[in-house]
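**Q** Pasting in a structure now, in structure tokens, and then I'll have a few things to ask.
The values are calculated or read from the model by the stated rules, or taken from the named source; none is laboratory data. For clarity, every value in this text was computed on a predicted model and none was experimentally measured. No Cβ is skipped: glycine too gets one built from the backbone with ideal geometry, and neighbour counts run over all protein chains shown. All accessible areas refer to the heavy atoms of the entire protein, side chains included, with ligands and DNA or RNA removed. Shrake-Rupley method; radii C 1.70, N 1.55, O 1.52, S 1.80 Å.
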Amino acid sequence: MKTPKRLQPLVDEGLIDEVSRQLMSGKEAIVYVVRSGDDVRCAKVYKEANERSFHQAVAYQEGRRVKNSRQARAMEKGTRYGRKMAEEVWQNAEVDALYRLAAAGVRVPTPYVCFEGVLLMELVTGADGNAAPRLNDVPLTPELARQYHTALLRQVVLMLCAGVIHGDLSEYNILVDADGPVIIDLPQAIDAAGSSVAGAMLERDVTNLANFFGAVLPELIGSQYGEEIWNIYQAGLLTADTALTGHVAAPDTPADVGAVIREIALAREEEADRVVYSGA
């Protein structure tokens, strides 16, 4: 196919030899299958901020750091330079998270380079050698659903042990290769120690998984794995081998009303973004 304009700089630099086809177009990026030497990889082209349906909500930026105070001030003021810096932070967050998670043993694609707003990384393939399907496209038996749910809870735990929360985890950003689920799409990754809504975001990620697999395993609906994982993490006891039950004892302290309000506000902001993007 004709080389897209955004990929031409990578071709010029010798990072890509050929663009084979468009793989998918999502709310934040367009992904292409490319050839680099003898390797088949994928190139994730981030959309401009005004073209994304997933906007950089404050909750996702909280805890992220920039190189110096000038950049931070520019981002706060929303200047042209500040918007450019914000885009770089947004894109680099995924690269940083991928390297960090891969080192922790989390099943994520291998990143190679991020250049001119394009992330070049491993193409995750299925058992047939073609691009791996998303989880929502995989037929599930109760046994397979239980296997995948257990595997993904372990990935969530490994991520949290590495200090990272996905922040937008669902059946749409999980691929399935020959060995099981692979987690993708991490530009909104949250620093577990630096965000005031980290616990709520973790619980939402885990609840998304329970609701998806709950169509085949009804006993998962209403389970409390997310809250359980977060409580153990806060107690400093979470490890990769922590046994989970999906149940949490009734609290004997007042609820954190502030956290609930922040979660509601975040949900409203995201819904407003979806309405604007859809043209409703």
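**Q** Given the conditions (1) more than 20 Å from Phe213 (Cβ to Cβ); (2) open to solvent by 10 Å² or more (accessible area, probe 1.4 Å); (3) of a type in the set (A, V, I, L, M); (4) modelled with pLDDT of 95 or more, report the number of the one that Leu101 does not fulfil.
**A** Answer for Leu101: the failing condition is (2).
**Q** If we scan region 252-262, do we find a residue that is among the basic types (Lys, Arg), outside any loop (DSSP other than H, G, I, E, B), open to solvent by less than 80 Å² (accessible area, probe 1.4 Å) and not assigned by the TED database to the domain that holds Lys27?
**A** no
**Q** What are the residues in region 7-43 that are modelled with pLDDT under 95 and among the basic types (Lys, Arg), if any?
**A** Lys27
**Q** Identify all residues within region 140-180 that are hydroxyl-bearing (Ser, Thr, Tyr) and assigned to a loop (DSSP other than H, G, I, E, B); write none if there are none.
**A** Matches in region 140-180: Thr141, Ser170.
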